[in-house]
1. A:R538's amide H: which non-local residues (gap 5+, or another chain) put their own amide H closer than 5 Å, with H modeled 1.01 Å from N in plane and none for Pro or chain starts?
2. In debye, nearest 20, what is the charge dipole magnitude of chain A about its Cα centre with +1 on Lys and Arg Cβ and -1 on Asp and Glu Cβ, if you could check?
3. What is the percent of Cα-Cα separations in segment A:471-640 that go past 24 Å?
4. Using 0.36 nm times the number of residues separating A:V626 and A:T78, minus their current alpha carbon distance, what extension gain do you get?
5. Which pairs, out of A:K557/A:K611; A:K344/A:K666; A:K301/A:K666; A:K255/A:K487; A:K201/A:K487; A:K487/A:K583, put more than 30 Å between their alpha-carbon atoms?
6. Any idea how far the Cα center of segment A:66-83 sits from the one of segment B:72-122, in Å?
7. Among A:V478, A:N600, A:G633, whose Cα lies farthest out toward the positive end of the dipole of segment A:471-640, if unit charges sit on the beta carbon of Lys, Arg (+1) and Asp, Glu (-1)?
8. Quick one, could you list the DSSP H helices from chain A stretching 24 Å or more along their long axis (Cα atoms) with average Kyte-Doolittle hydropathy of -0.5 or above?
Amino acid sequence: MTSRLFGEPVQRVEDAQLVTGRGHYLDDLGHDALAAAFVRSPHAHARVLDIDVTAALDVEGLVAIYTYDDLAASPRGTVAEALPLLIPHPALHAPRTGYALAREEVNHVGEAVVMVVASDRYVAEDAAERIVVTYGVLPPVVGIEAARSAERRTHDDVPDNVAAHLLQEVGDVQAAFAGSPRTLELDLAIQRSASMPLEGKGVYARWDAEDGSMRVYSSTQTSTSVRAAVAAKLDLPLNKVDCIAPMVGGGFGVKIVHPWPEEVLVPWAARELGREVKWVEDRREHFVSSAHERGQLHTIKVGFDDDGRLLALDVRFWHDNGAYTPYGIIVPIITSTQLLGPYKPGAYRVEFWSLYTNTVIVTPYRGAGRPQGCFAMERVMDAIADALGLDRAEVRERNFITPEEMPYDHHMTFQDGRPLIYDSGDFPATLAKLRTLIGWDDTLAQVASWRAAGRRVGVGLACYVEGTGVGPYEGAHVVVETSGKVKVATGLTTQGQGHFTSFAQIAADELGVALEDVEVVTGDTRRFGYAVGTFASRAAVMSGNAIAFAARSVREKALRIAGDALEADPGDLEIVDGVVRVKGSPAASIPLATVAVLSNPLRYAFDEASKAATQFAVGDTSGPPVREDDEPGLEGTDYYSPVGATFANGMHAVVVETDPETAEIKVLRYCVVHDCGPLINPLIVEGQVHGGVAQGVGGALYERMEYDENGQLLNASFMDFLMPYASEIPHIEIDHLETRSPLNPLGIKGAGEAGVIPSAAVFASAIEDAEGFVITAMPISPSELFDLRRRHAAGEVPSLRREDRRTEEMR
Amino acid sequence: MPATVSGMTAVHDTTTGEPLHDVRLRVNDVWQEARVPARRLLSDFLRHDLRLTGTHVGCEHGVCGACTVLLDGAPVRSCLLLAVTVSGQSVTTVEGLGSPEAMHPVQQAFRECHGLQCGFCTPGFLTTAAAYLAQHPSPTEAEAREAISGNLCRCTGYQNIVRSVLRAAEIARERTPSASDR
Ligand code: FES
Ligand code: FES
């Protein structure tokens, strides 16, 4: 029996190549291509008055300089038109998108103004440096408060800076508040961070003038959609454009946005010049011209009873969407829906405003609005527990949706435009596991004794639910070659999630072949043209199931053909180790490779094995060689398209100690319980959790985008933007729950983003517990904590009520 | 007169007119020669002139460590060095540590322990760990963590990288029978 690979911690098949320096990332391709560099705006808000390229013209090695006027003069395509609004929404009443190169106005530092193409990057930058752009500087809008006050405008024709305003209400919130014995109000803030993959973006284009075709390589999370955008912008038939995502050095959301200006300009310039052109983003460019996320202000009012049960929840928040809205309002929609976590909110009203500022665009970064929502909701839970003097875990448990209530309809619209219905989950069981993992009661007792000894130690807890595996669909093609090797292609892309392994595990199981015999290709439109992309923890759910379906159809065909050859009922056959055989009498068997040969009736033999399929070798002449409703080849294509998202959940607990003098925050323990349904490969899932938690720790304690009032990003380097090293990341303890999703045959849910979601919430909870006063803004640095202590001592920051109770107990 | 380096006569790039310098480096045990401008970074020299693209560039300002190579055995950030300044020296890149058929213990360990996800930071971790383990064959977990604390990884959360370093030490010991085994 071929042992089942699903669920096994198999080593990744892609790693031998990656650990020996043989992976091919974007900048490892096209050594002979011309290099592009960009002149980018040094101002947050300005009119472009003049561009003088004279001084650059005598740089030897310069090939071309392009400005917006050149795009406008381009006879073919729509490169001069505004970049597409990818996700329109009725509530996005004032959408604005930028241009590939700035047209008259720039709206953030880093916006591309001039493109330079030269023999190599050094020369391209020499030339870019000599180009003189004259700007008429305009006052910038920086920060949510400034946008909200609307004293200045980002876009002239959007006087209130409001791009979108959306309100959803479930139940009668006003009446629910009237009936609430208790209420609380909270103001909560989260600052900006960013995906910050180690590899920046990059584009490499090869134009073939002879057949009028374009091949684009992009470090993207969606090659099919980049392909469509390039074809549209360059006025090329889709079948003349291919887009390939090579090995990609991390994405985390920023590479789902497309087409980036460079994804339009590099192929366009390649065609203009009839030469290969490549652009590779440097780190500073990534900081000032790729996307950020997270900045939001929230005002929350909650009504609850004396047991801590939610009765009414009213959330208003303001979302900083930066200069443009190419990705629509997905992030605030996710905050507004996923904020609910595992809880029944009672009546719920949520309203948000998405605001323009003269800063880099805001689009999903791993977690995508959920960390903010989780922070908001979990702060509410802690506040209720504190107000009532209840155990924080207990208050959460009282508000949980129970397994019996699944599927649970929130009567809201989710980010995919579909109803927000939790398909499954056992929240009490997740919490019970977390309590066991951390030893909740013992830990609390231990912490109390440490505190009594004068240490500042605190415990935090946070719960979340994550809608994963959103549609519309993914597909896969599976073929068994005549060598017996299985080739799988799916259209979505890979940025380190181990798809080459987990997808191979699925295909190998379905087809009864060895893992080594399966090869998976992702993100290459030459191999599979229909796809959506990799985001929203959807790849495993979407392509995993599509591959299972496609492999099943191949299996069915294999059994049918083998049944004919073995004169057996296909129902009596099984495939084991790449051989189709009769169950119970394994001597009657035929290798899958031979079945593949037989699946393709031949006139001409091309090798020894293929002789079996030639016209005089095939015995049965009763029907046509290829039967009606059949196709030659042992292959199949299928798609998976779910009715809605499947909901994973998890809970984190952290123990922190803060330094009484320096306010440094040290993590003593970090525990995770995670439920993403059955694990395809535990090694990979745990890796995803580790990475997510690390980004969460960064986002909670270190990372922020520091804009000054002029819209200059002050920390646009790895020197100043504090991404955590190993020394800052704790050891992470993990336990799993595997609650199947009823929505897909594999029962799986997404795992990619989970780790990052509750971090701001769980650290705020723990730091507050250690310090005895309320934490309302994240991230928090030692100097901010130090300042809060000072303000707390001065009576400006309220104590937790449990501190008063502790003091009373001591009296 | 164009600038010259270590007495070498400068020639000029035919496209850009830049003065060029001969750089002779022993890379992964093979002497390599190329003619490059003085400003060519060692990282670009390895990646684009020698086409050894295993060495990655994550920041080009010396912070992430993705570009780490071994210069005469010691880890250096190749994005902070000019190729002309290391002429005559010996460089080991990730390609030189081992091949898929014959992996270095750190390479094998990273694969076994899922010490990489996107793999972009990995060459820098591998070279750093290889150099560290050559000096410290039996690190504790805390020491292993400390040893890789100068490199950034955005994917793994480092836990499996720490595990990989410890496992690499173990593999190295397995491969070299200790005195007591003899
Ligand atoms: S690329 Fe050299 S340290 Fe980052
Ligand atoms: S594995 Fe992706 S940055 Fe380390």
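1. Long-range HN contacts for A:R538: A:G469.
2. Charge dipole, chain A, about its Cα centre: 640 debye, nearest 20.
3. Considering segment A:471-640, 38 percent of its Cα-Cα pairs are separated by more than 24 Å.
4. Roughly 192.7 nm would be gained on extension.
5. Those over the limit are A:K344/A:K666; A:K301/A:K666.
6. If you average the Cα positions of each part, the centres end up 43 Å apart.
7. Working it through, the farthest residue towards the positive pole turns out to be A:V478.
8. A:370-388, A:539-566
Read-outs throughout are calculated quantities, based only on the coordinates presented, and are distinct from any laboratory measurement. As the structure is a computational prediction, the values presented were derived from the model and not from experiment. Methodologically, a virtual Cβ is constructed for each residue, glycine included, from the backbone with ideal geometry; neighbour enumeration extends over all protein chains shown.
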